[in-house]
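Just below is one structure, and these are the notes that go with it.
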Amino acid sequence: MIEKYHTVKNNSQGYFTDKKSKFFSYCFNVKNRDDVKKHLKEIEKLHPKSNHLPYAFRCGIENEDMGFSDDGEPTGSAGKPILFEFERDKLKNTLIVIARYFGGIKLGVGGLVRAFSASARDAIENNEIIERRVCKRVRIEFNYDVLKSIETFCIQNKIETVKQNFDESCLFELLIEHKNIDRFVADLKLLRVTSIEELNIE
């Protein structure tokens with residue numbers, strides 16, 4: 001199990017032109033195929049007159065999901081070159097989609113590969129590559145009398161609280177580094193947490 005991975009911090013744009021053909025690139029941080037589909041629809045609406053919308057993505061940490069499409073461009077001239085650009089940086093949870101407008105002069109397969117690669121690279125360079133810890137989302141429930149102890153424990157161990165709910169009891173969702181999960185879950189039980197549920201990997 002890996003402990004850290006690289007991804008892009010924000011959404012970004014890039015651009016490349018060659019022989020009057022224009023390549024508008026968009027780089028997104030994504031977690032799953034639903035995110036990919038959502039952003040593809042956004043770009044389709046943004047560029048309804050583009051000739052092609054090839055893309056590539058890598059999602060997931062444990063069970064990685066990867067895909068790419070040439071979207072009508074010659075086989076191997078678009079999707080794979082886009083994917084190669086963020087594989088160079090070992091990026092996960094990343095999508096790049098490129099809207100291409102044909103300028104009237106054919107670029108050939110080699111020219112298309114260079115153009116899609118350059119446009120994808122520009123979008124990556126206009127973003128920020130960050131390192132993230134591999135964490136597990138953990139939902140805990142506990143009574144109010146141990147709230148202060150739980151909060152102190154999270155602060156001391158640099159555990160991020162991503163969700164809080166205060167009702168008849170307290171409900172927290174925490175991000176705990178995967179390498180620390182067994183130890184911290186055992187510690188939380190000693191703090192009289194009434195229930196602990198391990199959720200997804202992030």
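Just so it is clear, none of the values below were taken in a lab; they were calculated from the coordinates. Bear in mind that the values here come from a model prediction, so they are computed numbers and not experimental data. With ideal geometry, Cβ positions are generated from the backbone for all residues, glycine too; neighbour counts draw on all protein chains shown.
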* Out of 43, 83, 61, whose Cα points farthest toward the positive end of the dipole of segment 1-129 (charges: +1 Lys, Arg; -1 Asp, Glu; placed on Cβ)? -> 43
* Structure fact -> Here, segment 20-74 modelled as identical Cα point scatterers in vacuum has Debye log10 I(q)/I(0) at q = 0.16, 0.19, 0.27 Å⁻¹ of -0.53, -0.72, -1.23
* **Full-stretch length increase - residue 84, residue 147 - with 0.36 nm per residue and alpha-carbon distance subtracted** => 17.9 nm
* Structure fact -> Gyration tensor (Cα only) of the chain to equivalent ellipsoid, semi-axes in Å sorted down, yields 45, 15, 12
* Entries of 37/189; 45/179; 41/158; 45/90; 38/163 with Cα pairs more than 32 Å apart -> 37/189; 45/179; 41/158
* Asked: Taking the mean number of other Cβ atoms within 10 Å as a proxy for protection, how do you rank 184-197, 133-146 from highest to lowest?
  -> 133-146, 184-197
* Structure fact -> For the chain, longest principal axis from Cα atoms; helix 147-156 axis from its Cα atoms; angle between them, nearest 10 degrees, is 50 degrees
* Structure fact -> Magnitude of the Cβ-charge dipole (Lys and Arg +1, Asp and Glu -1) of the chain about the Cα centre, nearest 20 debye, reported as 860 debye
* **segment 134-201: Cα Rg divided by the 2.2 N^0.38 Å rule of thumb** => 0.99
* Förster radius 25 Å - calculated FRET efficiency between residue 19 and residue 44 (Cβ-Cβ, nearest 0.05) -> 0.50
* To do: Can you tell me what the convex hull of the Cα atoms of segment 82-202 projects to on average, as an area in nm²?
  => 10.7 nm²
